[in-house]
1. Can you pull out the residues in segment 142-168 that are open to solvent by 30 Å² or more (accessible area, probe 1.4 Å) and not hydroxyl-bearing (Ser, Thr, Tyr)?
2. Return yes or no: is residue 385 open to solvent by 40 Å² or more (accessible area, probe 1.4 Å) and of a type in the set (Gly, Ala, Ser)?
3. Got a number for residues in segment 247-262 being on the phi < 0 side of the Ramachandran plot and either touching a Ser or Thr at 6+ places or on another chain (Cβ under 9 Å) or without any contact (Cβ under 8 Å) to a residue 24 or more places away in the chain (or both)?
4. Based on this model, can you work out whether residue 229 counts as more than 24 Å from residue 46 (Cα to Cα) and at pLDDT 95 or above?
5. Name the single residue, out of those in segment 357-374 being surrounded by fewer than 24 Cβ atoms within 10 Å (Cβ to Cβ) and of a type outside the set (A, V, I, L, M), that is farthest from residue 394 (Cα to Cα).
6. Can you pull out the residues in segment 167-183 that are closer than 19 Å to residue 155 by Cβ and either in contact (Cβ under 8 Å) with a residue 24 or more places away in the chain or more than 15 Å from the chain's Cα centre (by Cα) (or both)?
7. Return the pair list, or none, for Cβ contacts closer than 6 Å from residues in segment 263-286 that are within 16 Å of residue 328 (Cα to Cα) to residues that are part of a loop (DSSP other than H, G, I, E, B) and among the charged types (D, E, K, R), at least 6 apart or on different chains.
8. Do we have any residue at all in segment 238-252 that's in a loop (DSSP other than H, G, I, E, B) and either open to solvent by 50 Å² or more (accessible area, probe 1.4 Å) or under 16 Å from residue 42 (Cα atoms) (or both)?
Amino acid sequence: MNDTQGHGPERTAEAFREVFGHAPAGVWAAPGRVNLIGEHTDYNDGFVMPLALPHTCLAAVSPRSDGVLRVHSGDAPGGAVELRVADLVPVEAGGDRGGWAAYPAGVVWALAEAGLLPGPSAGRAPGADLHFESTVPTGAGLSSSAALEVVTATALNDLYGLGIAPQRIARLCQRAENAFVGVPCGIMDQTASACCTEGHALFLDARDLTQRQVPFDLAAEGLRLLVVDTRVKHELGDGAYANRRASCEAAARALGVRALRDVPFGELDATLAELERLGCDETTRRRVRHVVTEDRRVEEVIERLDAGDTRSIGPVLTAGHASCRDDFEVSCAELDLVVETANAAGALGARMTGGGFGGSAIVLVEEADAEAVSKAVTEAFDAAGHRAPRIFPAVPSAGARRL
């Protein structure tokens, strides 16, 4: 599903009964997210500012006592995937990455690894039956995988009385994606899905995981934040993401700092000169410049929101896109077209959001201009021969919860 309609707890529970032959113990939800500002900064120990979408992954779940994990998705072909919890092996230990089922399986593995469930060495573990249905668009850079992970962890946390706080749920889900699935993601997506609150954006320090809920009531100010799903996913994105992370880590080592977050914005020029002296190539220096300036842009957006000047964040968003495009090189023609067209049509600002190489952009507009800007973007895509984009408002919504 690619909208917020059509799924609900009753329908999801009924689908669970059709698949597994019995009623679920409950239904849980976890949202996708858009990132307002702070791209490719989380794995550099930096700052990010996501907000949860109304689009969610729903999970109807019942516990099992035989160590069997059965997972089924209403959005994927095929029947239920059955696994034994004691047999789960992460990619980092030679396991098979697998398909979509690796994400919930990885969460169960991470819970066991952390001692929150009996681990594989015990020869037994609690299991579960899980049925998923999602309205978070896949491949759109809106964290559909994080929503799947977080809803799994939240449900098992409740069912087994584990007492895990939302912030730790996020860390466990990141561990699942990094180690079990083999995707080197940062902490932002899982934290947004687990911890965001309605009507707010989440300011997160990815180093110490301190967070602050920042009021972000656009409707009250006559504004709207549009998400433009380009419906494009370039295959080079997966390897390129890991390559950029490795480049950032290499630069931090060369500079003798823990992470690029430790490079002060005021010392950027001197730092870039030092990297050149150390023999780091121009590409690496541009990667560093993006991360350092992007952290500063997050701080600038926070300052402007705290001052009640929401409209003035528009140019900061656009500057962030230029940095993602030119210095970090994670944009693409379709994302650039959204930003250029939206700004020319009267948007306050726009930028790509998510990992890049396709996916989505966000556009900040006056409420009265939303329709005209959306029309201009759609017409530009048509003129360029691109598939029609999907455009919808990003309404700051609640994080993971039981329904």
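The values are calculated or read from the model by the stated rules, or taken from the named source; none is laboratory data. Everything quoted here is computed from the prediction, not taken from an experiment. When we count neighbours, we look across all protein chains shown, and the Cβ atoms used for this are built from the backbone with ideal geometry, even at glycine. Side chains are part of the model used for accessible areas, which takes the heavy atoms of the whole protein and leaves out ligands, DNA and RNA. Shrake-Rupley method; radii C 1.70, N 1.55, O 1.52, S 1.80 Å.
1. Across segment 142-168, the qualifying residues are 158, 159, 161, 162, 163, 165, 166, 167, 168.
2. yes
3. Summing the residues that are on the phi < 0 side of the Ramachandran plot and either touching a Ser or Thr at 6+ places or on another chain (Cβ under 9 Å) or without any contact (Cβ under 8 Å) to a residue 24 or more places away in the chain (or both) in segment 247-262 gives 11.
4. Judged against the criteria, residue 229 is a match.
5. 357
6. Within segment 167-183, 167, 168, 169, 170, 171, 172, 173, 175, 176, 177, 180, 181 meet the criteria.
7. The qualifying pairs are 286/327.
8. Checked segment 238-252: no residue is in a loop (DSSP other than H, G, I, E, B) and either open to solvent by 50 Å² or more (accessible area, probe 1.4 Å) or under 16 Å from residue 42 (Cα atoms) (or both).
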